[in-house]
Amino acid sequence: MKNTVFIHTNGKQMAGAIVSAHSLKRNSRNPEAFDVKIISQEDAGFFREFEGRKFLRAGGWRTWRNDDLQSFTPTRFMPPELMEYQGRAVVIDPDVFAVGDVNELLTREMGGKAIMARHRPGHNGREDYIASSVMLLDCARLKHWNVRKQFEEMFAGKLDYEDWIVLANEPRGSIGFLESEWNDFDRLTPATKLLHNTKRRTQPWKTGLPIDFTNRAAWIGRLWGKYKKHPDPRQEAFFFSLLRECVDAGKISLEQLKSEMRDNHVRHDTMELIRSVPPIEKILSDVRLAA
């Protein structure tokens, strides 16, 4: 089975997922060596069964909403099942974009580990925090991953969402750590391999739109109100330059973009931005010069 990169998403982040898929192939020296597949949360029908029910998160009980911006996060654990527990997979969030060659990640030495991901000690107050937003997986070693079963356990109080997401229940010896450039959090440098626009309130394609994420804490939307401009204009330009290439290549149509704008999934000045941003080569040249 061919190595595969999975981008997990829902309808609200589908535009980002399409751009992400384009970036992975575009920036690989050997794009035919791997497949890219999008996992859509809406296609996993069992999520609908849990709408409005309480699940365990960080020791407390939250209400599951399928229309939340990040309702797709449990699907990041689906690739081993989808790969029939064979071969290698990389799974990434839909706000992760390739600057370097993801095939280098897919083919790297794993040292017998089942999972490789970025260690982020102290984040969210957890010393054991591992960012599962980008993972390299040896699928044959992850036969205990069954998303529906684990998802149901959150609602039964047997599994805490936070522990699941940070891989706290995985054997420590089965996890290796990735270098920061393979999951670069809102930082674009000459070393960046995968750029992750992880701060939801400043995602470049959302600027000016009403906040639409609630699962983490209900007061966030009321506090922030609208998505803010990303502090690094080069990252905004990088996204919209990739999006323009997607339009030019027919990977996303203008009608589709207009629909995404009507649904408040992408910002309303998207058409103007894809006409005005510089090409990616110019953006990355500026990044190198600024280093």
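The values are calculated or read from the model by the stated rules, or taken from the named source; none is laboratory data. Keep in mind that this is a model prediction, so the values were computed, not measured. Glycine gets a Cβ as well: all are built from the backbone with ideal geometry, and neighbour counts include every protein chain shown.
Miscellaneous remarks
- All conditions in (1) modelled with pLDDT under 95; (2) within 14 Å of the chain's Cα centre (by Cα) hold for residue 18, with the sole exception of (1).
- Scanning segment 141-165 for residues that are among the aliphatic types (A, V, I, L, M), under 29 Å from residue 193 (Cβ atoms) and out of contact with any helix residue (DSSP H, G or I) (no Cβ under 8 Å at 6 or more places or on another chain) yields no hits at all.
- Given (1) more than 16 Å from the chain's Cα centre (by Cα); (2) part of a loop (DSSP other than H, G, I, E, B); (3) over 27 Å from residue 275 (Cα atoms), number of the condition residue 154 does not satisfy: (2)
- Residue 28 being modelled with pLDDT of 95 or more, surrounded by 12 or more Cβ atoms within 10 Å (Cβ to Cβ) and within 22 Å of residue 104 (Cα to Cα): yes
- If the condition is being in a helix (DSSP H, G or I) and more than 20 Å from the chain's Cα centre (by Cα), then segment 102-147 contributes 125, 140, 141.
- Any helices (runs of 4 or more DSSP H) falling wholly within segment 178-291 and containing at least 2 residues that are surrounded by 14 or more Cβ atoms within 10 Å (Cβ to Cβ), under 21 Å from the mean Cα position of the chain (by Cα) and modelled with pLDDT of 95 or more: 233-248, 254-262
- Selection status of residue 12, among the basic types (Lys, Arg) and crowded, with 20+ Cβ neighbours inside 10 Å: yes
- Selection of segment 157-174 for residues being surrounded by 18 or more Cβ atoms within 10 Å (Cβ to Cβ) and not in a helix (DSSP H, G or I) yields 159, 160, 166, 167, 170.
- Qualifying residue in segment 79-87 (condition: free of Cβ contacts under 8 Å to residues at least 24 places away in the same chain and not in a helix (DSSP H, G or I)): no
Here's the yes/no breakdown for (1) under 17 Å from residue 13 (Cα atoms); (2) touching a Lys or Arg at 6+ places or on another chain (Cβ under 7 Å); (3) among the hydroxyl-bearing types (Ser, Thr, Tyr):
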{"site": "227", "(1), (2), (3)": "yes, yes, yes"}
{"site": "231", "(1), (2), (3)": "no, no, no"}
{"site": "246", "(1), (2), (3)": "yes, no, no"}
{"site": "264", "(1), (2), (3)": "yes, no, no"}
{"site": "267", "(1), (2), (3)": "yes, yes, no"}
{"site": "273", "(1), (2), (3)": "no, no, no"}
{"site": "278", "(1), (2), (3)": "no, no, no"}
{"site": "283", "(1), (2), (3)": "no, yes, no"}
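- Test: residue 88 is more than 30 Å from residue 284 (Cα to Cα), at pLDDT 95 or above and of a type in the set (Lys, Arg): no
- Qualifying strands (runs of 3 or more DSSP E) (wholly inside segment 25-73; at least 1 residues being in contact with a helix residue (DSSP H, G or I) (Cβ under 7 Å, 6 or more places away or on another chain)): 35-40, 54-57
- Out of 76, 53, 48, 62, sole residue that is without any contact (Cβ under 8 Å) to a residue 40 or more places away in the chain, within 30 Å of residue 156 (Cα to Cα) and basic (Lys, Arg): 48
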